[in-house]
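Here the structure comes first, spelled out in C-alpha cells, and everything after it is commentary.
The values are calculated or read from the model by the stated rules, or taken from the named source; none is laboratory data. Keep in mind the model is a prediction, meaning the values are calculated, not measured. Note: ideal-geometry Cβ built from the backbone for every residue, glycine included; neighbour counts use all protein chains shown.
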Amino acid sequence: MSEHWPRLRWLLLGVAVALLVVYLLAQRQSVDVSYGQSPAGGNAVEEGSAGELSGADVPSVEAMEGMLRRDRVVRLPGSIAHWDPERVDAAAAGDDVRILVAPPGLAEDQRDRVNDVSNATAVVLGTEVTGGGYQVSGDDLPSWRAQFATADVTNQLVALLHALRDAEIPDDEDTFSWRAPTSAELAAVAADLRASGLHVAEGATLDEVPDNADAAHDGADDAALFAVFPRQPFGEPVPEYGPALAELFPDTGIYVMYGDWVEYHGPLAADFADVVGASFYGQFGDRLSRFAYPQGNVLRAYLDRVTDVRYAGLFDRPLPYQPFDPLRVTLPALPWLFAACVLGFLLLSARPVLGRARGPRRPPARIAALTTLAIELSALSHHAALVRAIGKLQAAREALADDLPDRQVRRLVDAAESELDTAATALGRADYRPRVYLAGGIS
C-alpha cells in the first residue's frame, strides 16, 4: 500500500486545483431573476421643493418661553395636533408639564427656534413629539393611522411623559373608531368614482390622480379608484369608505385617503396592503409628522411603494421559473471539498518528515530484510529463538516459491520477526530489534 501514497497525494492535489478553478469560474456567473427595474422614482428631493413647507411662522424663543410660563399648553397658529387631556394628565402624575404645539411645515431655522424653547416639557411639531432628548414615534399601523388621519398624538405624549420620569411605558391604546358612511355620503363618493375614478372631498388638497397610478397597477383589468378626504376631526368616528366602496366596485383597486393616511382596498388587499403600509409609514413617518406635504405628493410616494413591492414579486405575481442548476446547488460545498483535498495532500506530504519510517511491507522484501538481520545476529548470538527464526524464514521462502497464499506466507514471516525480536532482546541490542533495524533500511 505504501507505494500508492505518492500517487494518492498528487491525485488529491489535482482534485483541489480542479475544485479551485471551478469555484473561481463560477463567481463570474450570476443568475438574476427579477421583474425588471421598478419604474418608481427614487431621485433625491431638496427640502422645500416638494411643497412640504407651509409658510407658517413662529414667535421668537423668548416670546414662546413667556407664553409657556403663563400657560401649560401653548398652541401656535397653524398647529394641528390633538390629544386626550385626561390620559395625558394622568401620565404627568402631578408634574408641572408644559407643552408647546407648533404647526407642521416649518423651515429649518423655525424648527430650531421651536426646539430651543427651554421651558417646554414636550414639543409637538406637526405631529412629531419630542422632549427631554427623546423623540416618540408610532411603530404600528393603528398608531400611524390615528396620527396621520386625525392628528392624534395621545399615545406619543403618554409614552414621553412616562419616559421623562423613568416610569414603565404603557402599551398604546387604539381609540380610533370607524362608522359606516351614510347612504348619501356613499352615493356622492360612488358617483364621482364612476364618472372620473376620483373623488376629492371638500378640504382635501389633491388636484388629480398622480401619474404613477398606472404603473402601480399595471396589468389590472380596471384602473384604480381614488377617494381623498381631509384630515378627520379628532375624537369622532371616521366614515369607513373602503369596505363599502369595495362592495360597490368588486375586483377594482380602491385607495381611500384621510389626511396623510392612505388605505388600499380591493384585490389582494389582505396580502399586500399591510406590507406597503408598514413599509411606507415606517420609512416616511417622521417626515410626514413634521412637514405639511400636499396630499398629492403623499399619495404619489405611496403608489411608488406599491410599484416597488409589485416589482419585488410580493404583489399578485408568482415567482418566475428557475431551472435546477447543479453547480448553484453544490457551489457552497466546493470550498469544504477543496480544504479537505489540500489537508489530505499536506498530511501525505508530511508523512516522510513527521511520521516514523516503516520497513518493507511486502513478503519478499520482508523475507530479504529479516534474512539479513538474522545473518548479522548469528555472528553475535546462538540463541534458540534465532535458530527458530531462520527456520521460519526458510519455510516462508519455500511457501513463496510454491505460490502458497499470501496469508500463509505473512504468518510465517510474522513468526520469524517475533523470534528475531526475542533474540535481539536477549542479546541486549535494541538496534537489532526488527522494527528498529528494518526502519533504518538494510546496510
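For this structure, a couple of remarks:
- Matching residues, the stretch 136-153, being closer than 22 Å to Asp89 by Cβ and either out of contact with any His (no Cβ under 8 Å at 6 or more places or on another chain) or not assigned by TED's automatic domain parsing to the domain that holds Asp112 (or both): Val136, Gly138, Ser143, Ala146, Gln147
- There is no residue in the stretch 314-324 that is at pLDDT below 80, more than 24 Å from the chain's Cα centre (by Cα) and part of a helix (DSSP H, G or I).
- Within the stretch 195-217, the set of residues being without any contact (Cβ under 8 Å) to a residue 24 or more places away in the chain and closer than 22 Å to Glu240 by Cα comprises Ala195, Ser196, Val209.
- When Asp192 is tested against the conditions (1) of a type outside the set (A, V, I, L, M, F, W, C); (2) in the same structural domain as Trp261 (by TED's automatic domain parsing); (3) surrounded by 16 or more Cβ atoms within 10 Å (Cβ to Cβ); (4) in contact (Cβ under 8 Å) with a residue 60 or more places away in the chain, the lone failure is (4).
- When Asp214, Asp172 are screened for being closer than 22 Å to Val276 by Cβ, of a type outside the set (Gly, Ala, Ser), surrounded by 14 or more Cβ atoms within 10 Å (Cβ to Cβ) and not assigned by TED's automatic domain parsing to the domain that holds Leu268, only Asp172 passes.
- Residue check for Val276: at pLDDT 90 or above, surrounded by 14 or more Cβ atoms within 10 Å (Cβ to Cβ) and over 27 Å from Ala102 (Cβ atoms): yes
- Across the stretch 175-189, the qualifying residues are those that are in contact (Cβ under 8 Å) with a residue 12 or more places away in the chain and in a helix (DSSP H, G or I), and the one among them that is surrounded by the most Cβ atoms within 10 Å (Cβ to Cβ) is Val189.
- First in the stretch 253-272 and assigned by TED's automatic domain parsing to the domain that holds Leu299, second anywhere and outside any strand (DSSP E or B) and basic (Lys, Arg), Cβ under 6 Å, 6 or more apart: Gly259/Arg231; Trp261/Arg145
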